[in-house]
Amino acid sequence: MITTKRLAAAACGLLVALSAGLLPTTAAAADGPRKEPPKVELVLDVSGSMRATDIDGQSRMAAAKQAFNEVLDAVPEDVRLGIRTLGAGYAGEDKALGCKDTAQLYPVGPLNRTEAKTAVATLAPTGWTPIGPALLGAAQDLEGGDATRRIVLITDGEDTCAPLDPCEVAREIAAKGIHLVVDTLGLVPDAKTRAQLTCIAEATGGTYTSVQHTAELSGRVRQLVDRAADPVVTPVATEGAQRCEKAPKLGAGLYSDRETFGEHRWYRVDVRPGQELRASVSIGADRAVNRDYGILLRATTVHGREIVRGSESGDGRTDVISTGLRHPKATLDDADGDAADAPETVCLQVSNSFSAGPAVKTAPGMPVELTIDVVDGPDEASDVAAFGLGRGWWPLAVLALTGLLAGLVRGWISRWRISVRRTN
């Protein structure tokens with residue numbers, strides 16, 4: 001019969017097992033390599049329309065300055081921040097000059113709050129709204145290094161410098177594969193401004209926010225600056241080929257590419273016997289597309305034989321559509337040593353069935369994000385626990401059983417001692 005003491009001892013053993021398996025180790029808590037500080041540039045519209053007094057009884061410019069002062073006070077120490085303006089220096093009617101009116105007000109780097117606030121205080125609503133040139137300038141300001149990059153654009157109107165479409169500029173920035181995110185904030189926006197700022201944000205994986213009050217502006221900008229410090233994985237830019245034999249060979253990692261409507265792109269991955277290939281792909285519909293579309297991810301041999309596929313379809317506007325696949329490569333037990341360890345080249349095909357109206361531009365292609373992982377596959381039945389649990393649970397089960405047996409032994413010893421005492 002199992003006594004309370006034995007159950008307690010078993011429970012202790014189970015707790016020890018769980019502690020051994022779940023508590024972090026000192027090595028896991030060790031600091032990794034130091035990462036480069038994130039970079040953020042605030043891009044502020046200082047065009048003439050910022051004189052309008054419709055935000056909490058004050059002008060849009062005054063609301064922006066107040067929000068900037070609050071944001072500058074709260075910038076994390078590890079963020080490198082800069083400020084760029086558009087429409088701040090030219091008040092004339094010459095469009096060619098007005099559309100060049102963008103300048104860096106404060107350089108991207110360690111923040112001196114007093115200097116940055118003083119620079120913002122000197123601004124006065126002046127000229128045009130060259131959003132496209134300002135985005136290009138901000139992207140250049142953030143160049144260099146491997147830091148995460150974020151542009152926060154604050155404006156009250158749409159770009160006035162067509163034909164340089166700021167949405168196309170954002171797509172070109174995203175196509176460079178430098179993982180630069182553009183977030184947009186519209187001050188009391190109309191429908192056209194809202195549509196343009198939404199397009200800019202979607203093209204780079206950013207967000208759009210409509211702002212009606214000063215507190216909303218301050219809170220949102222602070223949130224975006226704080227978000228820049230969050231660790232992210234930067235995709236490696238690659239370019240798929242039209243055929244497998246010309247495709248780039250990729251290892252485990254995160255990759256970015258571009259694919260036009262209805263295109264097929266190929267990539268290659270080496271998989272050794274006993275390993276498992278896991279791959280997934282996402283394509284972002286960063287422009288208006290027709291209903292009914294899909295994506296396909298196929299794994300084939302170099303000779304074209306299909307191994308496995310994953311597909312997904314959509315109906316209506318979806319910002320991102322994803323699919324994935326898994327391919328375990330069996331171990332060659334009967335082959336010679338070198339042959340048993342020889343890798344197999346797996347061809348990955350990424351295809352899409354997107355389409356769009358004639359007015360929609362096809363270049364650059366839509367953003368593609370490809371994730372590849374090659375892991376050790378299961379070693380037959382020995383790697384699977386009796387109850388369907390993965391092999392990582394075996395140590396816990398053994399320790400729990402050991403604890404239970406220790407409790408039973410302790411109980412028997414206690415009963416034997418009590419029997420001896422009574423006999424004496």
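The values are calculated or read from the model by the stated rules, or taken from the named source; none is laboratory data. Please read all numbers here as calculations on a predicted model, not as lab measurements. All Cβ positions, even for glycine, are placed from backbone atoms using ideal geometry, and neighbour counts span all protein chains on display.
Checking Asp94, Asp78, Asp73, Asp56 one by one, the residue that is acidic (Asp, Glu), on the phi > 0 side of the Ramachandran plot and surrounded by fewer than 18 Cβ atoms within 10 Å (Cβ to Cβ) is Asp56 and no other. Each residue in the range 117-129 was checked for being assigned to a helix (DSSP H, G or I) and either over 35 Å from the mean Cα position of the chain (by Cα) or under 30 Å from Lys192 (Cα atoms) (or both), and 2 of them qualify. Considering Gly157, Gly132, Gly144, Gly186, which residue is touching a strand residue (DSSP E or B) at 6+ places or on another chain (Cβ under 6 Å) and either in a helix (DSSP H, G or I) or in the same structural domain as Tyr90 (by TED's automatic domain parsing) (or both)? Just a single option satisfies the conditions, and that option is Gly186. For the range 78-91, the condition of being within 19 Å of Thr193 (Cα to Cα), of a type outside the set (Phe, Trp, Tyr) and under 29 Å from the mean Cα position of the chain (by Cα) holds for at least one residue. Of all positions in the range 369-377, none carries a residue that is at pLDDT below 85, in contact with a strand residue (DSSP E or B) (Cβ under 9 Å, 6 or more places away or on another chain), acidic (Asp, Glu) and in a helix (DSSP H, G or I). Among the residues of the range 125-146, those identified as within 16 Å of Lys176 (Cβ to Cβ) and out of contact with any Cys (no Cβ under 9 Å at 6 or more places or on another chain) are Leu135, Leu136, Gly137, Ala138, Ala139, Gln140, Asp141, Leu142, Glu143, Gly144, Gly145, Asp146. When the range 59-70 is filtered for residues that are in contact (Cβ under 8 Å) with a residue 12 or more places away in the chain and surrounded by fewer than 23 Cβ atoms within 10 Å (Cβ to Cβ), the ones remaining, listed by number, are Ser59, Lys65, Gln66, Asn69, Glu70. Could you list, in sequence order, all residues of the range 276-298 that are surrounded by fewer than 18 Cβ atoms within 10 Å (Cβ to Cβ) and more than 23 Å from the chain's Cα centre (by Cα)? Matches in the range 276-298: Glu276, Asn290, Arg291, Asp292. Cβ separations smaller than 6 Å between residues 6+ apart or across chains give no pair from the range 346-360 residues that are under 13 Å from Val308 (Cα atoms) and in the same structural domain as Ser311 (by TED's automatic domain parsing) to residues that are in a loop (DSSP other than H, G, I, E, B) and modelled with pLDDT under 90. Taken together, the criteria exclude Gly177 from residues that are touching a Ser or Thr at 6+ places or on another chain (Cβ under 8 Å), farther than 23 Å from Gly284 by Cα and in contact (Cβ under 8 Å) with a residue 12 or more places away in the chain. Selection of the range 271-315 for residues being farther than 21 Å from Arg258 by Cα and either acidic (Asp, Glu) or part of a loop (DSSP other than H, G, I, E, B) (or both) yields Arg272, Pro273, Gly274, Glu276, Thr301, Val302, His303, Gly304, Arg305, Glu306, Asp315. Where helices (runs of 4 or more DSSP H) fall wholly inside the range 1-116, the ranges with 2 or more residues that are in contact with a strand residue (DSSP E or B) (Cβ under 9 Å, 6 or more places away or on another chain) and modelled with pLDDT of 90 or more are 60-74. Residues that are surrounded by fewer than 17 Cβ atoms within 10 Å (Cβ to Cβ) and not in a loop (DSSP other than H, G, I, E, B) within the range 189-216 comprise Ala191, Lys192, Arg194, Ala195, Ser210, Ala215, listed in sequence order.
Taken together, Thr260, Thr204, Thr193, Thr209 contain a single residue that is assigned by TED's automatic domain parsing to the domain that holds Arg326, out of contact with any Phe, Trp or Tyr (no Cβ under 8 Å at 6 or more places or on another chain) and under 29 Å from Ala359 (Cα atoms), which is Thr260.
The listed residues are Leu254, Leu224, and the only one of them that is outside the structural domain of Arg60 (by TED's automatic domain parsing), modelled with pLDDT under 95 and either within 23 Å of Pro37 (Cα to Cα) or touching a Pro at 6+ places or on another chain (Cβ under 7 Å) (or both) turns out to be Leu254.
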